[in-house]
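Chemist: Quick one: the structure is below, questions incoming.
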Amino acid sequence: MKKLTETDIKKLISESKARELYYARTIVEMFPQSNGIHVRYKIEHTDFAGHIERSNEYDLLPKDRLCIQVPCPNRDCTQGYFSLTSEADKCLRYGKEVSGKMRCHGKEDFKYYDHNGFTCDTTIDYIITPL
Ligand SMILES: [Zn+2]
């Protein structure tokens, strides 16, 4: 089987990202009793060029689609984004705050020999609370 190239992988990922958004239903369709959620997160990435920290917060209201995709700031990352959609789903389902930390599943090794190792080190800390 032919080994996937970086371009193949980026294409597959951007398709799955688009699919997640396309099929996402609105909060009110899935959880008619909900007033929405508040999403707060902080992303950290360190490389030779320095330390990047980005934070953001916003509300997702009942008419909004339930899909949370946060871009990974590492330019060499193959994954390119974090999905907090299933965490938001938990928050809505149980009506409780959901928080945690995730590490990016992307790789950043395509420019090195043999494409092994070097998992992207970007992390995201998130808190999702019901409104
Ligand atoms: Zn990444």
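Chemist: For the pairs Lys10/Lys90; Lys2/Lys42; Lys3/Lys90; Lys42/Lys90, note any where the Cα-Cα span goes beyond 31 Å.
Modeler: Lys2/Lys42; Lys3/Lys90
Chemist: Please compute the contact order of the range 4-58 in relative form: average sequence separation of alpha-carbon pairs under 8 Å and at least six residues apart, divided by the residue count, as a percent.
Modeler: So the answer I get is 22 percent.
Chemist: So, one more: Using just the helices of the chain, give the 222 nm mean residue ellipticity in deg cm²/dmol: DSSP H runs with n ≥ 4 each add -39,500 (n - 2.57), and the total is spread over all residues, rounded to 500.
Modeler: For the chain, the value works out to -7500 deg cm²/dmol.
Chemist: Of the peptides 47-54, 86-93, 31-38, 16-23, how do they stack up when ordered by the mean number of other Cβ atoms within 10 Å, highest first?
Modeler: 86-93, 31-38, 16-23, 47-54
No lab work stands behind these numbers, since they all come straight from the coordinates. Quantities reported herein were computed from a predicted structural model and do not represent experimental measurements. Methodologically, a virtual Cβ is constructed for each residue, glycine included, from the backbone with ideal geometry; neighbour enumeration extends over all protein chains shown.
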